[in-house]
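Here is the structure we will look at.
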Amino acid sequence: MDIVKYLQAQGIGSRKMCRILLQQERILIDGALPSHEITDTSNIKQLMIDGKSLPALPLPYFYILLNKPAGFETSHKPTHYPSVFSLLPTHWQNLSLQAVGRLDADTEGVLLITNDGSLNHFLTSPKHHVVKIYHATLKHAADDDLCHQLTQGVVLRDRNEEESVQAIAAELKNPHLLALSIDSGQYHQVKRMISACGNRVEYLERIAFASLQTGDLSRGQWRLLSPQEIEALRYNSQQQIK
């Protein structure tokens, strides 16, 4: 791959800017001055520009796991809060980043960001029923009747339409903490389902999306998925629709 194209694909800047940085020998790739061609872009870990270390993205596709904190919108054009994309390295924000599904501004947890449109479509398509697991803190103490209602199905009203939606699983960890598994992704779905049962969500966290969990990532932290995790994500998702 041409070195200038590679740097552009990393979000470093325009073609002209990348050429200038190379001509002035201001860029190191994994600690060395780059040649004109890069034969293997998948194993590059670090860029250094003017002595500043920058993480490198695997190409052509990358997969970023973010532990989303509250107070960030899943949007490139946020209206009330900063964008979740602002939590990533600045040079990556010049790229075509897409969140796989959305989380409300006040919802935390697992968020996948990628440039792989095919996988994004697969994971978010309603017909594929990819499982998401949430922990919801409830305003009012609940009992097993709430879980029964959610798994049997509740009616969600949207404008003049009504639709019955049911959870795959629902379990109370304690009277105020509900673990809820769903395989659809309507607007404010978890909050609306619980509201339809006469309760209210005070705090919401997505703890799993398909095979992904945040693990030891702190709020606001991110990391790249390993090739094994990407394969597991594809396999896990495909198994769910069989």
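For Cα Rg over 2.2 N^0.38 Å, the value calculated from this model appears in [x] 0.99; [y] 1.36; [z] 1.19 under label [z]. Extension gain, Arg102 to Tyr81: 0.36 nm times the residue separation minus the Cα-Cα distance gives 6.1 nm.
Shape of region 3-55 from its Cα gyration tensor (a ≥ b ≥ c, root eigenvalues): rounded if a/c is under 1.5, otherwise prolate when a/b > b/c, or oblate? Working shown, then result.
Details: a/c = 1.37, a/b = 1.13, b/c = 1.21.
Note, shape of region 3-55 comes out rounded.
Compute the orientation-averaged projected area for region 131-209 from the convex hull of its Cα atoms and round it to one decimal in nm².
Details: hull surface 18.3 nm².
Value for region 131-209: 4.6 nm².
In this label model, Glu229 and Thr39 are separated by 3.0 nm, measuring between points 7 Å along each Cα→Cβ vector. For the chain, the number of Lys pairs with C-alpha atoms closer than 21 Å, counting only pairs eight or more positions apart or on separate chains, is 14. Annotation for Gln24 and Val155: the two label points, set 7 Å from Cα along the Cα-Cβ direction, are 6.7 nm apart.
Here, each number is a calculation from the coordinates, and none is a lab measurement. Bear in mind the structure is a predicted one, so any value in this text is a computation, not a measurement. Counting neighbours? That spans all protein chains shown, and the Cβs are built from the backbone with ideal geometry, glycine included.
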